Structure formats: structure tokens, C-alpha cells
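The values are calculated or read from the model by the stated rules, or taken from the named source; none is laboratory data. Quantities reported herein were computed from a predicted structural model and do not represent experimental measurements. Cβ placement follows ideal geometry from the backbone for every residue including glycine, while neighbour counts extend to all protein chains displayed.
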Amino acid sequence: MYDLIIIGSGPAGLCAAIYGKRAGLDTLVLEKLPMGGGQVLNTWEVDNYPGLPGINGFDLGMKFREHAQKAGAVFEEADVTGLTDGPVSKLVHTAQGDYEGRAVIIASGASHRRLGVPGEERLAGRGISYCATCDGAFYKGKTAAVVGGGDAAAEDAVFLARLCEKVYVVHRRDALRAAASLQERLLSLPNVEMVWNCTVEEILGEQRVEGLLLRDRVTGASRSLAADGVFIAVGTVPESGAFAGTVETDGAGYLRAGEDCATNVPGIFAAGDVRTKALRQIVTAAADGANAVASAEAWILSR
């Protein structure tokens, strides 16, 4: 039996692993993919993590991972399918078998939200992407459309503008939700064109993406927009399905937990993007990892 099992190896999970080992806890990290790091690995440039302005997201993720490994955390690749609360310990069920721990920190993160429009599923991987830094190079000298209006959409558009001849940013409102500094950067780029007050009705194309069918939310008119690639950045969905029957969730599926990361089930904690919170950033995920371990350690010692 482990003292602490951490589900997920993004910034929250890796920070929890570091703090767990520093607290002297026998700590296991379960990660779904062979390479931990979470969504930060797909970020071209991280400009708001203290002390490391402008660091590449992959490099930052690897620094987190290396620190956790150096601290002595044990890593296992496993696809978590469920969680059972017991009187003495918790059982984490995976496709590879069960793991037992005194306390569990769920740091499973979130995944990219889909638009759910015709053509999205059919053209997935054939001109549709949810990661500009992963796939942007394929559109060098071409035309791309970014759908969304938050930080992720603005960052994607800025990155693509370095490669593409033309970048459209399609947003359903008349103003962006991105940070002011990002907006200033984005709106200053000569090859970026904003498409305001429009929603995507369909992604067009037969064998590959050829463009978008848009609807103007003000006039109701429809029009097509030619593009070689579509980058969708409309938020995230929590990776909480495996725990929804055990831990309380909110209406959007996020695990209910406060700043102490404690859920409604004693001994089970939620950290990072998977929990209810106002701001989902690398720095807040890392803070969650530390808070979750402090709460878990206190709970273990009280038993």
C-alpha cells in the first residue's frame, strides 16, 4: 500500500509528487501517457510562469518531471478507470490492475472541448487541430482559422501568424476574453484578421478541410470562409468521468474542491484543472499540488 497515489502527471500532479516525497510519503504517480507533463507540453511559449519568462512549454513540463523523479517519486503508466473509497484505504482501478493507497490526489486535468458541428469528427486529423504548436508547421504559407476568444485561442493565433500567410480568428462575441497583453500582441499582427460575432455552423471539405460555414449572430446571415486548417480553442472538459460516481462534481463535470483541494470524500483530493476553480493556469495547478499534499498529509496523520 502506498501512502499517496497521484492520478495524473501534469503540473498539479508533478508538484504534488515533489511535495509528497518531501513530506516523507511513499508516493506513486499514475500517468495515462508515457510522457508526463500535461497540456503544458503543447504550449509554444509560457510567458507567465514566475522566474522563467518565455520558456518553451515542453521544457517547463520536463523540468517539472525531472524534479519529481529526482525527489524519488515512483511513476507507473496506467489508464485509470475508477476509484473506490474504503474504510482504511482507497483502491484506484486501472486497465492494468488495482493500486491501493491511504490517500489519493486526482490531478487528471482536462482535455480540449469540441465544437460538436458537422464535419468536425469526419475531418479530424485532416485539417482540424486542437494544438497549434503540435500541427502549425503543416500550414506554413497557408491560411488558417482559429476558433475561440480566450488566452489559448490568442496564443494559437499569435503562433500561427509566424508561419501562415493569413490567420483568421473566429469569435462568437465582439471582444476577446484573452489577457490584455495577449490581445495587444494579437491585434497588432498584420496577417491576422478578426471575424467577430460569428459561430461555426459546419467545417467544410471532403478529404481535407477547405473552410468554415459561419453564421453571423447579429444579422443571422451565413457565409463561408476559406481556410486550409482549423484550430479549435474553445475551452476544456475535465477528465473526471472515472471519478464522477465517487466524488461530487459540479454541473460542468469538475470535481468539487476548495483551496485545500479536499473533496466530499475524506482522503480523496482534487488538484489542478480537474477541480472547481476560477483560474486554470500552470501556476495555480502547481499551487494546488502543494495544497493537496498538505491536506493529504494532515488527513493521513489524523488516522
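Among the residues that make up the stretch 110-122, is at least one of them closer than 26 Å to Ser295 by Cβ, touching a strand residue (DSSP E or B) at 6+ places or on another chain (Cβ under 7 Å) and either assigned to a helix (DSSP H, G or I) or aromatic (Phe, Trp, Tyr) (or both)? First the steps, then the outcome.
We begin by selecting, within the stretch 110-122, every residue closer than 26 Å to Ser295 by Cβ; these are 110-111.
Pick out the ones that are also touching a strand residue (DSSP E or B) at 6+ places or on another chain (Cβ under 7 Å) and you get 110-111.
Those still in the list that are either assigned to a helix (DSSP H, G or I) or aromatic (Phe, Trp, Tyr) (or both) too: none.
Looking for residues that are closer than 26 Å to Ser295 by Cβ, touching a strand residue (DSSP E or B) at 6+ places or on another chain (Cβ under 7 Å) and either assigned to a helix (DSSP H, G or I) or aromatic (Phe, Trp, Tyr) (or both), one finds none in the stretch 110-122, hence no.
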What's the number of the condition Ala180 fails, among (1) without any contact (Cβ under 8 Å) to a residue 60 or more places away in the chain; (2) within 26 Å of Ala271 (Cβ to Cβ)?
-> (2)
Of the residues in the stretch 183-218, those that are under 30 Å from Pro53 (Cα atoms) and at pLDDT below 95 number 0
Those residues that are not charged (D, E, K, R) and not in a helix (DSSP H, G or I), I need them from the stretch 277-303; list them, please.
-> Ala278, Leu279, Gln281
Residues located in the stretch 135-152, provided they are buried (at least 21 other Cβ atoms within 10 Å of the Cβ) and either hydroxyl-bearing (Ser, Thr, Tyr) or under 16 Å from Val200 (Cα atoms) (or both) | Tyr139, Ala144, Ala145, Val146, Val147, Gly148, Gly149
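Quick check on the stretch 159-171. Is at least one of its residues under 19 Å from Asn191 (Cα atoms), crowded, with 16+ Cβ neighbours inside 10 Å and either within 19 Å of the chain's Cα centre (by Cα) or modelled with pLDDT under 95 (or both)? Lay out the reasoning, then the answer.
Of all residues in the stretch 159-171, those under 19 Å from Asn191 (Cα atoms) come to 159-171.
Narrowing further to those that are crowded, with 16+ Cβ neighbours inside 10 Å: 159-161, 163-164, 166-171.
Still in the list and also either within 19 Å of the chain's Cα centre (by Cα) or modelled with pLDDT under 95 (or both): 159.
Yes: the stretch 159-171 contains one or more residues that are under 19 Å from Asn191 (Cα atoms), crowded, with 16+ Cβ neighbours inside 10 Å and either within 19 Å of the chain's Cα centre (by Cα) or modelled with pLDDT under 95 (or both).
Condition first: touching a Cys at 6+ places or on another chain (Cβ under 6 Å) and at pLDDT below 95. Can you find one or more residues in the stretch 14-32 that meet it? Steps first, answer last, please.
Kept after step one, since they are touching a Cys at 6+ places or on another chain (Cβ under 6 Å), are these residues of the stretch 14-32: none.
No - not one qualifying residue is present in the stretch 14-32.
Restricting attention to the stretch 33-68, and to residues there that are aliphatic (A, V, I, L, M) and modelled with pLDDT under 85, which single residue is nearest to Ala157 (Cα to Cα)?
Quick first cut of the stretch 33-68, residues aliphatic (A, V, I, L, M) only: 33, 35, 40-41, 46, 52, 55, 60, 62, 68.
In the following step, the residues that additionally are modelled with pLDDT under 85 were identified as 33, 35, 40-41, 46.
Values: Leu33: 27, Met35: 26, Val40: 17, Leu41: 18, Val46: 15 Å.
Filtering the stretch 33-68 for residues that are aliphatic (A, V, I, L, M) and modelled with pLDDT under 85, the one nearest to Ala157 (Cα to Cα) comes out as Val46.
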Look at Val265 and say whether it is surrounded by 21 or more Cβ atoms within 10 Å (Cβ to Cβ) and over 22 Å from Asp151 (Cβ atoms).
-> no
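Name every residue in the stretch 87-132 that is among the hydrophobic types (A, V, I, L, M, F, W, C) and closer than 30 Å to Arg215 by Cβ, in order of residue number. Spell out how you get there, then give the answer.
Going residue by residue through the stretch 87-132, those that are among the hydrophobic types (A, V, I, L, M, F, W, C) are 88, 91-92, 95, 103-107, 110, 115, 117, 123-124, 128, 131-132.
Within the stretch 87-132, Ala110, Leu115, Val117, Leu123, Ala124, Ile128, Cys131, Ala132 qualify.
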Any idea which residue in the stretch 48-72 is nearest to Gly13 (Cα to Cα), counting only those that are free of Cβ contacts under 8 Å to residues at least 60 places away in the same chain and assigned to a loop (DSSP other than H, G, I, E, B)?
-> Gly72
If you go through Gly36, Gly13, Gly24, the only one that is in a loop (DSSP other than H, G, I, E, B), small (Gly, Ala, Ser) and closer than 22 Å to Pro238 by Cα is Gly36
In the stretch 229-259, the residues that are touching a residue at least 40 places away in the same chain (Cβ under 8 Å) and in a strand (DSSP E or B) | Gly229, Val230, Phe231, Ile232, Thr236, Val237, Pro238, Leu255
Hey, could you check the stretch 211-228 for residues that are without any contact (Cβ under 8 Å) to a residue 24 or more places away in the chain and of a type in the set (D, E, K, R) and say which is surrounded by the most Cβ atoms within 10 Å (Cβ to Cβ)?
-> Arg215
Of all residues in the stretch 177-210 being surrounded by fewer than 22 Cβ atoms within 10 Å (Cβ to Cβ) and within 22 Å of the chain's Cα centre (by Cα), the one that is farthest from Ser222 (Cα to Cα) = Ser181
